[in-house]
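Here is the structure we will look at.
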Amino acid sequence: MGFSTTAIHAGNEPDVATGAVTVPIYQTSTYAQEALGKHKGYEYARTQNPTRAALETNIAALEGARFGFAFASGMSATDAVLKLVKAGEHVILGDNTYGGTFRLFSKVLSNYGVEFDLVDTSDASNLEQAFKPNTKMVFVETPTNPIMTVTDLQAVSDIAHAHGAKVVCDNTYMSPYLQRPMEFGVDIVVHSTTKYLNGHSDSVGGFAALNDEKDAEWIGFIQNSVGAILSPFDSFLVLRGTKTLAVRMEAHDKNGRAVANFLTEHPKIQKVYYPGLASHPQHELAKRQQKGFGGMVAFETGSLDNARKVLESVKICTLGESLGGVETLISHPATMTHASVPAEKRESLGITDGLVRISVGIEDLEDIIEDLDQALI
Ligand SMILES: *Cc1c(COP(=O)(O)O)cnc(C)c1O
């Protein structure tokens, strides 16, 4: 079955009770039982909810996974996956992951005896020396936020598996339409559904997809035990979002490429970060691993003043955090998403005061370009 057919039909069975074509929002906390121990598979809504179950079937299918779990946020999905790691065990973390992921490791998990080291995974050969006898997991994000560094998922998986470690990939930036990490050996995929999967900037959620039955059993147990579940209404919104994922991602990709090209040719821009550009150091890898390059673009304006001028002069692009919605969002990583990263670390990652990030939306391309053009004068 093709991607869009799966997106529209997986999990989206007509409602058994009424025939409703759209999965209803089962806004209930509990379910009537016919007799002691006799029920329809639903007992209490933290444990099971039909709207959430439909979404879990849907996104698991899109990632090519057997099991899927929907969470209250991307961070709670990542946190649940990290509960596969115990105190005294070690994780290798890509050195340029989402700020919240770094914060979870450095400020929370470190209090519970989970050890971790940061590694620049853009060159997979850096991994080899980072393994310890207690390394259980390698956690990567590709492309990274906001510099768009690409990690070779097949190479990372091969090395990690040779050391008996599992590989987790945060696939939020690409979505399963543009990148399916499990095809390259990745064991677990996590998402912030807040971004492209929902796609309309009106829900916060997360997802974990995987194939291993034992790990899935544990993540399901954590989902129920900790209870960071996605609500029925949010499950409905994301289920509605994934139906158009393919057409939206095609549009984000088309606009993203055009905006990256426009910025590359602009005399006021010193550097553009976008894996779709032939000048990107990992362009060939991105072409191999991704079906497209998506809508995330970062560019260097040279100074905080220049960045501020662009960010405050745009009219159609909205100044704000987050990404992956239909509307174009523009942000300043150094003071917004990456403010908690120490200044030297930011500098070494290329997150300068002049760097601007755009999540290119699916408005008419001419309008986005015209808006950026007038802001760059
Ligand atoms: C937003 C984001 C997250 C966190 O997701 P929330 O839904 O905000 O908790 C994790 N990873 C990446 C790449 C993100 O962009």
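Being within 16 Å of the ligand (Cβ to nearest atom) and either among the aliphatic types (A, V, I, L, M) or touching a helix residue (DSSP H, G or I) at 6+ places or on another chain (Cβ under 6 Å) (or both): is that true of residue 185 here? No, not satisfied.
Would it be correct to say that residue 121 is within 16 Å of the ligand (Cβ to nearest atom), assigned to a loop (DSSP other than H, G, I, E, B) and over 21 Å from residue 241 (Cβ atoms)? Taking the combined requirement at face value, the residue satisfies it.
The number of residues in segment 9-57 that are open to solvent by 70 Å² or more (accessible area, probe 1.4 Å) and not in a loop (DSSP other than H, G, I, E, B) comes to 5.
Restricting attention to segment 58-85, which residues are among the small types (Gly, Ala, Ser), more than 16 Å from the ligand (Cβ to nearest atom) and assigned to a helix (DSSP H, G or I)? 60, 61 - these are the residues of segment 58-85 that are among the small types (Gly, Ala, Ser), more than 16 Å from the ligand (Cβ to nearest atom) and assigned to a helix (DSSP H, G or I). Selection of segment 330-377 for residues being open to solvent by 50 Å² or more (accessible area, probe 1.4 Å) and of a type in the set (Lys, Arg) yields only 345. Of everything listed in (1) surrounded by fewer than 19 Cβ atoms within 10 Å (Cβ to Cβ); (2) farther than 26 Å from residue 2 by Cβ; (3) within 17 Å of the chain's Cα centre (by Cα), the single unmet condition for residue 267 is (3). Residue 161 falls short on exactly one of the conditions (1) touching a residue at least 60 places away in the same chain (Cβ under 8 Å); (2) open to solvent by 40 Å² or more (accessible area, probe 1.4 Å), and that condition is (1).
Looking at residue 87, is it assigned by TED's automatic domain parsing to the domain that holds residue 132, in contact with a Gly (Cβ under 9 Å, 6 or more places away or on another chain) and open to solvent by 50 Å² or more (accessible area, probe 1.4 Å)? So residue 87 passes the test.
Within segment 312-326, the residues that satisfy the criterion of being in contact (Cβ under 8 Å) with a residue 24 or more places away in the chain, open to solvent by 10 Å² or more (accessible area, probe 1.4 Å) and more than 16 Å from the ligand (Cβ to nearest atom) are 313, 314, 315, 316, 326. One residue stands out among those in segment 132-154 that are open to solvent by 30 Å² or more (accessible area, probe 1.4 Å) and not hydroxyl-bearing (Ser, Thr, Tyr): the one that is nearest to the ligand (Cβ to nearest atom), which is 152.
Condition check for residue 96 on (1) surrounded by 19 or more Cβ atoms within 10 Å (Cβ to Cβ); (2) more than 16 Å from residue 147 (Cβ to Cβ); (3) within 16 Å of the ligand (Cβ to nearest atom); (4) of a type outside the set (Gly, Ala, Ser): one failure, at (2). Selection of segment 188-214 for residues being within 12 Å of the ligand (Cβ to nearest atom) and of a type in the set (Val, Ile, Thr) yields 189, 190, 193, 194, 204.
The values are calculated or read from the model by the stated rules, or taken from the named source; none is laboratory data. Owing to the predicted nature of the structure, the values given are computational and were not obtained by experimental measurement. Positions of Cβ are generated from backbone atoms using ideal geometry, with glycine treated the same way; all protein chains shown enter the neighbour counts. Just the protein is used for accessible areas: all its heavy atoms, side chains included, with ligands, DNA and RNA removed. Shrake-Rupley method; radii C 1.70, N 1.55, O 1.52, S 1.80 Å.
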